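Okay, structure first, notes after.
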Amino acid sequence: MGAGEDRISALPDELLHAILVELRSARAAARTSVLSRRWRHVWEHLPEFILDDHDTTRRPLPDAVDAALAAFSATAPPLECLHIQIRFLRQGSSRWVQASRAAPWLRFASEHVVGELRLFVPLPDVDGKEEELELPACPRAKTIILSLPGSWRLRPQLPGLFVTLTSLQIGYVRMEASELTDLVSKHCPVLRDLAIIINLVAVSDVSLLSGSLQSLQFVVRNTRRLEVIAPRLEKLFVYRRTHEARISCPKLAELVWNGGAYDPSHHKFEDVGRHLQLLEIERSSGAASLMRQFVEVDKLKLHISIPRGTPGYKRLLNETNQLPKCRTLYISLLWRNHGISPAMLHLLRSCNSTRKVSVNLIDSRGRLLAHYSCPLSCPCRSVKSARIDDIALSVLEEVELDNFTSSNDELEFLEKLSRCNATLLKRLVINSAYYPTTPLTKAICEKVHSMWRPNVNVEFYVFLGGRRVRFD
């Protein structure tokens, strides 16, 4: 080729498409049509359309979406990816996107998307009015992610099958419980991963029956009763209060329960195994009853917030008097009301089979007007709560402490822990808080080092510029 000739335009369409896809913007790709006649229609055959307001063009994004979808060539191959993301409308826009504007986008996706559909369109709540948006069947889409904050109400068009859909995320909309139930149970035959973060239109029952579902994240307001019957389900995350629940998942391996108080007479786990890889309980009363469902847990995560006063501490003792056998024990402890040592020693006393203990310390002091002191009658002040001779940590190998602030309570706990019977302990990791009230010093490090046997490797880390670095 002679000097000045356009070598890129001579490339085959497949390579030009690969170049334009790397722009990660359908609008940027469309602007290449002005380069020459050769480029005029190349972008219309892209396998991916990404339309978001990261682009600095002055044209309002909804108008750009309409234009891009209208220009999509009838002879183009199906879309592997359609992303439409509108975080805000630019100055000068007359209105937000309404259902009449967004519905054609979804109809386009139902006809052309064979891979991933991702739609993020906020709609402000104005005078309590909501917009109904219909979700048509997308028979060839494999992944659908809908994030619709504001006053949207999603209405699946049923009957209609999502025959290849394996992953579905629906966020921040309102839905009818019956439509949600039908969508998942009857119209997604190969769905594996489901995440729903929505509000039900009214307090209702939700029943999810699926022979293919493997992972479920359920964050649904106004759920009266949740029923999950899924023979292949391995991961279940429940993050909203449910008055009743029936769970039948024989392959369940990971359970996160933040569904309010657990009541075994109303929340029933039927046909589930007795061994979990993960059990995580978020500040829920009834935790003892839930933990008794399982004999062994590889990783047990407890998020504990002890209320002020004697009743709150007694409830902790009763709820955690016997923990399931676990390899790793993770404790997130909001500790200021009763101190660290009494609660942590009790938990270690209740779980002597763990190989690793990880503690995330949350100091509530910043939210209190004054330091709270327990009454002398509180069990956290008893002689028994300070005992360590009945704590046997015979297989403990590692302890990690997060959000360390060099407080006296923390140092007292470390000193007591160092005197526990833990002959196999090899490593202690202390991670300073991002913004500690008392910065970590060499003196503090030396004091902690002096508490432990020489064969215990004590490591300190701090955060500098957002990076975790060793403090020596």
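The values are calculated or read from the model by the stated rules, or taken from the named source; none is laboratory data. Not measured: the values here are computed from a predicted model. Note that each Cβ is placed from the backbone with ideal geometry, even for glycine, and that neighbours are counted across all protein chains shown. Note: accessible area is taken over every heavy atom of the protein model, side chains too, but ligands, DNA and RNA are not part of it. Shrake-Rupley method; radii C 1.70, N 1.55, O 1.52, S 1.80 Å.
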Count of residues meeting criterion [of a type outside the set (Gly, Ala, Ser), closer than 20 Å to residue 319 by Cβ, modelled with pLDDT of 85 or more and in contact with a strand residue (DSSP E or B) (Cβ under 9 Å, 6 or more places away or on another chain)] in the stretch 350-393:
7
If you take the residues in the stretch 132-141 that are touching a strand residue (DSSP E or B) at 6+ places or on another chain (Cβ under 6 Å) and surrounded by 15 or more Cβ atoms within 10 Å (Cβ to Cβ), which one is farthest from residue 114 (Cα to Cα)?
133
Kindly evaluate residue 290 against the criterion of being farther than 29 Å from residue 406 by Cα, open to solvent by less than 10 Å² (accessible area, probe 1.4 Å) and not in a strand (DSSP E or B).
yes
When you check residue 241 against the structure, is it on the phi > 0 side of the Ramachandran plot, at pLDDT below 90 and under 18 Å from the mean Cα position of the chain (by Cα), yes or no?
no
Quick check on the stretch 268-287: of everything there that is surrounded by 16 or more Cβ atoms within 10 Å (Cβ to Cβ) and acidic (Asp, Glu), which residue is nearest to residue 340 (Cα to Cα)?
282
Filter the stretch 379-417 for residues that are among the hydrophobic types (A, V, I, L, M, F, W, C) and more than 36 Å from the chain's Cα centre (by Cα) and give the result.
383, 386, 388
Give all pairs with beta carbons closer than 8 Å in which a residue from the stretch 246-261 that is in contact (Cβ under 8 Å) with a residue 24 or more places away in the chain meets a residue that is hydroxyl-bearing (Ser, Thr, Tyr) and open to solvent by less than 20 Å² (accessible area, probe 1.4 Å); count only pairs at least 6 apart in sequence or on separate chains.
257/284; 258/284; 259/242; 259/284; 260/242; 260/284; 261/284
So residue 425 ticks every box in (1) within 14 Å of residue 357 (Cα to Cα); (2) under 28 Å from the mean Cα position of the chain (by Cα) but one. Which box is left unticked?
(2)
Does residue 456 satisfy the criteria of being open to solvent by less than 20 Å² (accessible area, probe 1.4 Å), touching a residue at least 24 places away in the same chain (Cβ under 8 Å) and either farther than 16 Å from residue 405 by Cα or of a type in the set (Lys, Arg) (or both)?
yes
Go through the stretch 144-165 residue by residue and tally those that are under 21 Å from residue 111 (Cβ atoms) and open to solvent by 30 Å² or more (accessible area, probe 1.4 Å).
7
Here the residues within the stretch 293-327 that are open to solvent by 40 Å² or more (accessible area, probe 1.4 Å), under 19 Å from residue 362 (Cα atoms) and at pLDDT below 90 are 305, 307, 308
Members of the stretch 452-472 found to be in contact with a helix residue (DSSP H, G or I) (Cβ under 9 Å, 6 or more places away or on another chain) and part of a loop (DSSP other than H, G, I, E, B), listed by number
452, 453, 456, 471, 472
Going by the structure shown, is residue 447 open to solvent by 80 Å² or more (accessible area, probe 1.4 Å), out of contact with any Cys (no Cβ under 9 Å at 6 or more places or on another chain), of a type outside the set (Ser, Thr, Tyr) and under 22 Å from residue 333 (Cα atoms)?
no
Quick check on my filter: what residues within the stretch 163-185 are over 17 Å from residue 233 (Cα atoms) and not in a strand (DSSP E or B)?
163, 164, 176, 177, 178, 179, 180, 182, 183
Just checking, which of 256, 295 is of a type in the set (Val, Ile, Thr) and under 21 Å from residue 334 (Cβ atoms)?
256
